[in-house]
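Peer 1: Sending over a structure as structure tokens; questions will come in a sec.
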Amino acid sequence: MVTVSPGSTSAGRTERFDTEKAAGSTIITPAPPAPPVVPPTPPVVPPEPAAFSVSYLSVSPRLEVEPGETVTITVLVANAGGESGSYTVVLKIDGVKEAEETVTVAAGESQDVSFSVTREEAGSYTVAVDGLSGSFTVVALVKPPGINWAMIGGIIAGVIVVGLLIFFGLRRREY
């Protein structure tokens, strides 16, 4: 507290003061401090939920395969959301569900998902995963022509018979 007599001044500090009149003098007391200014807290915004996309379908090998040969189908699953989440990838071959796999992908990350399939029957097969499509072809095994031993034996036998007929035919003429 600072007491200032009438007609005198107080120099030095500049503060806010409250004044009261007392008998013959003015009593100046510092005003209570102003409450601290607290900035408003921004609202808490929850992260965006997981948002998945499927891209980059690849079928390997790309060309024809033989019956029983393994074909690998791969897609990339990306999570563009703000939270981790699980996604089920469904593989269809010729419109029929062949396999499915559930993957958990962290926010902002991506992951490859692969399926391996085989087919025994020759033909062309269409694969589909979430609107993406590709294909592979199983070719029939063509056996190389084997040696036809019956035909070769028949030809040899025929040559021998013709040779013997000529031989005996010429010998008869001589007698």
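The values are calculated or read from the model by the stated rules, or taken from the named source; none is laboratory data. Just so it is clear, the model here is predicted, and its values are computed rather than measured. Reconstructed Cβ throughout: ideal geometry from the backbone, glycine too, with neighbour counts over all protein chains shown.
Peer 1: Test Ser55 against the stated conditions and say whether it is outside any loop (DSSP other than H, G, I, E, B), among the polar types (S, T, N, Q) and under 13 Å from Val129 (Cα atoms).
Peer 2: yes
Peer 1: Which residue, of Ala157, Ala106, is over 26 Å from Pro67 (Cβ atoms) and not assigned by TED's automatic domain parsing to the domain that holds Leu63? If you could, list the steps in order and put the result at the bottom.
Peer 2: Details: Ala106 fails: not assigned by TED's automatic domain parsing to the domain that holds Leu63.
Every option except Ala157 fails the conditions.
Peer 1: Kindly establish whether Ser60 is surrounded by 12 or more Cβ atoms within 10 Å (Cβ to Cβ), without any contact (Cβ under 8 Å) to a residue 40 or more places away in the chain and not hydrophobic (A, V, I, L, M, F, W, C).
Peer 2: Numbers: surrounded by 12 or more Cβ atoms within 10 Å (Cβ to Cβ): yes; without any contact (Cβ under 8 Å) to a residue 40 or more places away in the chain: yes; not hydrophobic (A, V, I, L, M, F, W, C): yes.
When the stated conditions are applied, Ser60 passes them.
Peer 1: Among strands (runs of 3 or more DSSP E) lying entirely in segment 59-175, which contain 1 or more residues that are touching a Lys or Arg at 6+ places or on another chain (Cβ under 8 Å) and more than 30 Å from Pro46 (Cα to Cα)? Full working, then the answer.
Peer 2: Values: elements: 70-79, 85-93, 96-105, 110-118, 123-129, 132-138.
Answer list for segment 59-175: 70-79, 85-93, 96-105, 123-129, 132-138.
Peer 1: While we're here: Within segment 30-77, count every residue that is among the small types (Gly, Ala, Ser) and modelled with pLDDT under 85. Talk me through it step by step, then tell me what you get.
Peer 2: Residues of segment 30-77 among the small types (Gly, Ala, Ser): 31, 34, 50-51, 53, 55, 58, 60, 68.
Those still in the list that are modelled with pLDDT under 85 too: 31, 34.
The total comes to 2.
Peer 1: Now, a different point. Go through segment 83-97 and give me each residue that's of a type in the set (A, V, I, L, M), out of contact with any Asp or Glu (no Cβ under 8 Å at 6 or more places or on another chain) and closer than 15 Å to Ser116 by Cα. Quick ask: steps written out before the conclusion?
Peer 2: Within segment 83-97, the subset of a type in the set (A, V, I, L, M) is 89-91, 93, 96.
When the remaining residues are screened for being out of contact with any Asp or Glu (no Cβ under 8 Å at 6 or more places or on another chain), the result is 93, 96.
Matches in segment 83-97: Ile93 only.
Peer 1: Filter segment 153-169 down to the residues that are modelled with pLDDT under 85 and β-branched (Val, Ile, Thr) and list them by number.
Peer 2: Within segment 153-169, Ile166 is the sole residue that qualifies.
Peer 1: Would you mind finding the one in Ala128, Ala80, Ala99 that is surrounded by 13 or more Cβ atoms within 10 Å (Cβ to Cβ), at pLDDT below 95 and touching a strand residue (DSSP E or B) at 6+ places or on another chain (Cβ under 7 Å)?
Peer 2: Values: Ala128 fails: at pLDDT below 95; Ala99 fails: at pLDDT below 95.
Sole residue among the options that is surrounded by 13 or more Cβ atoms within 10 Å (Cβ to Cβ), at pLDDT below 95 and touching a strand residue (DSSP E or B) at 6+ places or on another chain (Cβ under 7 Å): Ala80.
Peer 1: For residues that are touching a residue at least 24 places away in the same chain (Cβ under 8 Å) and of a type in the set (Gly, Ala, Ser), scanning just segment 132-175, find the one that is farthest from Val113 (Cα to Cα). Spell out the reasoning first.
Peer 2: Within segment 132-175, the subset touching a residue at least 24 places away in the same chain (Cβ under 8 Å) is 132-141.
From what's left, of a type in the set (Gly, Ala, Ser): 133-135, 140.
Details: Ser133: 15, Gly134: 15, Ser135: 17, Ala140: 29 Å.
Top of the filtered list is Ala140.
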